[in-house]
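A short worksheet on the structure shown next.
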Amino acid sequence: MRVPEPARTGRTRLPDGRWLGWAEWGPRDGTPVVFCPGAGTGRSLGFGGDVVDRLGVRLISLDRPGLGASDPAPGRTLGSWAADVAALGLTRPRIVGFSQGAPFALACAPIAARVAIVSGADEVAWPAFGPALPAPLRDLVHLAATDPEAAERSFAAITPDVLWDMIVPGAPAVDRAVYESPEFARAYRGAMAEAFGQGPGGYARDTLLAMSRWPYDLGAIKVPVDLWYGEQDTTHSPDQGRTLAGRIPGARHHLVHDAGGSLLWTHAEPILRTLLSALDMP
């Protein structure tokens, strides 16, 4: 699977003096689509590199604070991430959140024109999910709620190699065919090494925020939201996003039968075309 390198990379100075790292694909004057990457991956792993020019998409992949080329922001929150994205000065961009990037993308809904969640990590701390979670995950959710500092320290023990082993070997065949293809594996591992370049702190904070209660009202989201899941993906959500879709007014749930968690790369064009469409809220 072809994974093009970014057309442009850089860093933007934020109002508090921190730098935010980014990478772009597609035309400079294209429709801005802000990408919130998955767990422990840096800005260089984009998606849809073979269609962004044709669709007129300016894909902007961002490093969250403490990952890759972005300065750390101790104590950051999902709300502060939305403020960082707003500081880029884009006018109602489209937002994509992949995997652990989902809660960060949804935090940006107030400044977005439309949001796409792809293989999104669900709000596992939502009380209704408790009985459905595997015991180890349930224990981590409990630790994040009762002792967040200890939880963050435990997440900081993860390395890029450990993360790869958490994601790839046990993935369904449809995903391993993507992740283990030589070009994609090089890009994926490279993006992990890039993300951990400042150490594990950025990943640890991301994971704590994703596993804690999300501090915004999903029922108050007023822009169109599309939730994309592969039918063979059994890791990102207890029910492949059905409950999450029901919690967001007017959200559309797409379950793709021949796909898994790597849906972002195997079905990039329909995801982007839907994101660019002008569907009004029901």
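The values are calculated or read from the model by the stated rules, or taken from the named source; none is laboratory data. No experiment lies behind these values; they were computed from the predicted model shown. Here Cβ is always computed from backbone atoms with ideal geometry, including for glycine, and neighbour counts include all displayed protein chains. When the accessible area is computed, the model is the full protein with side chains, heavy atoms only, and any ligands, DNA or RNA have been set aside. Shrake-Rupley method; radii C 1.70, N 1.55, O 1.52, S 1.80 Å.
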For this session: Residue by residue through the range 174-202, note down the ones that are buried (at least 20 other Cβ atoms within 10 Å of the Cβ) and either over 20 Å from Pro4 (Cβ atoms) or among the acidic types (Asp, Glu) (or both).
Result: Asp175, Glu194, Phe196, Pro200, Gly202
Exercise. What are the residue pairs meeting all of these: first residue in the range 67-82, first residue closer than 19 Å to Cys108 by Cα, second residue open to solvent by 40 Å² or more (accessible area, probe 1.4 Å) and among the aliphatic types (A, V, I, L, M), Cβ atoms under 9 Å, and 6 or more apart or on different chains?
Worked result: Ala82/Ile111
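Go through the range 86-100 and count every residue that is outside any helix (DSSP H, G or I), of a type in the set (A, V, I, L, M) and surrounded by fewer than 21 Cβ atoms within 10 Å (Cβ to Cβ).
If we filter the range 86-100 for residues that are outside any helix (DSSP H, G or I), which is where we start, we get 87-98.
So of that shortlist, the ones also of a type in the set (A, V, I, L, M) come out as 87-88, 90, 95-96.
This time we only want the ones that are surrounded by fewer than 21 Cβ atoms within 10 Å (Cβ to Cβ), so: 87-88, 90.
Of the residues in the range 86-100, 3 are outside any helix (DSSP H, G or I), of a type in the set (A, V, I, L, M) and surrounded by fewer than 21 Cβ atoms within 10 Å (Cβ to Cβ).
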Seminar exercise, completed: Flagged in the range 101-120 as closer than 18 Å to Leu209 by Cβ and either open to solvent by 20 Å² or more (accessible area, probe 1.4 Å) or among the β-branched types (Val, Ile, Thr) (or both), in numbering order, are Pro110, Val115, Ile117
Exercise. What number of residues in the range 1-30 are touching a Gly at 6+ places or on another chain (Cβ under 6 Å) and among the basic types (Lys, Arg)?
Worked result: 1
Exercise. Restricting the search to the range 52-63, which residues are part of a loop (DSSP other than H, G, I, E, B) and open to solvent by less than 10 Å² (accessible area, probe 1.4 Å)?
Worked result: Asp63
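What is the residue count in the range 117-151 for residues that are among the charged types (D, E, K, R) and within 19 Å of the chain's Cα centre (by Cα)?
Step one: list which residues in the range 117-151 are among the charged types (D, E, K, R), which gives 122-123, 138-139, 147, 149.
Subsequent filtering for residues that are within 19 Å of the chain's Cα centre (by Cα) retains 122-123.
The qualifying residues number 2.
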For this session: Would you confirm whether any residue within the range 222-230 is open to solvent by 10 Å² or more (accessible area, probe 1.4 Å), part of a helix (DSSP H, G or I) and either under 30 Å from His257 (Cβ atoms) or of a type in the set (D, E, K, R) (or both)?
Result: no
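Consider Gly75 carefully, then state whether it is small (Gly, Ala, Ser), open to solvent by 20 Å² or more (accessible area, probe 1.4 Å) and assigned to a loop (DSSP other than H, G, I, E, B). Walk me through it before giving the result.
Working: small (Gly, Ala, Ser): yes; open to solvent by 20 Å² or more (accessible area, probe 1.4 Å): yes; assigned to a loop (DSSP other than H, G, I, E, B): yes.
Criteria met by Gly75.
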Problem set entry | Hits in the range 1-22 - residues which are of a type in the set (Gly, Ala, Ser) and either free of Cβ contacts under 8 Å to residues at least 12 places away in the same chain or touching a Phe, Trp or Tyr at 6+ places or on another chain (Cβ under 9 Å) (or both) | Ala7, Gly10, Gly17
Seminar exercise, completed: Taking the range 3-23 and the residues there that are assigned to a loop (DSSP other than H, G, I, E, B) and under 20 Å from the mean Cα position of the chain (by Cα), the one that is surrounded by the fewest Cβ atoms within 10 Å (Cβ to Cβ) would be Glu5
Exercise. Within the range 162-169, is there a residue that is farther than 30 Å from Gly46 by Cα and either of a type outside the set (A, V, I, L, M) or loosely packed, with under 13 Cβ neighbours inside 10 Å (or both)?
Worked result: no
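Yes/no matrix, rows are residues, columns are (1) more than 20 Å from Val96 (Cα to Cα); (2) not aromatic (Phe, Trp, Tyr):
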{"site": "Trp164", "(1), (2)": "yes, no"}
{"site": "Ile167", "(1), (2)": "yes, yes"}
{"site": "Arg176", "(1), (2)": "yes, yes"}
{"site": "Ala185", "(1), (2)": "yes, yes"}
{"site": "Gly197", "(1), (2)": "yes, yes"}
{"site": "Gly202", "(1), (2)": "no, yes"}
{"site": "Ala210", "(1), (2)": "no, yes"}
{"site": "Ala220", "(1), (2)": "no, yes"}
{"site": "Gln232", "(1), (2)": "yes, yes"}
For this session: Identify the residue in the range 43-90 that is hydroxyl-bearing (Ser, Thr, Tyr) and touching a strand residue (DSSP E or B) at 6+ places or on another chain (Cβ under 8 Å) and, among all such residues, is farthest from Ser212 (Cα to Cα).
Result: Ser44
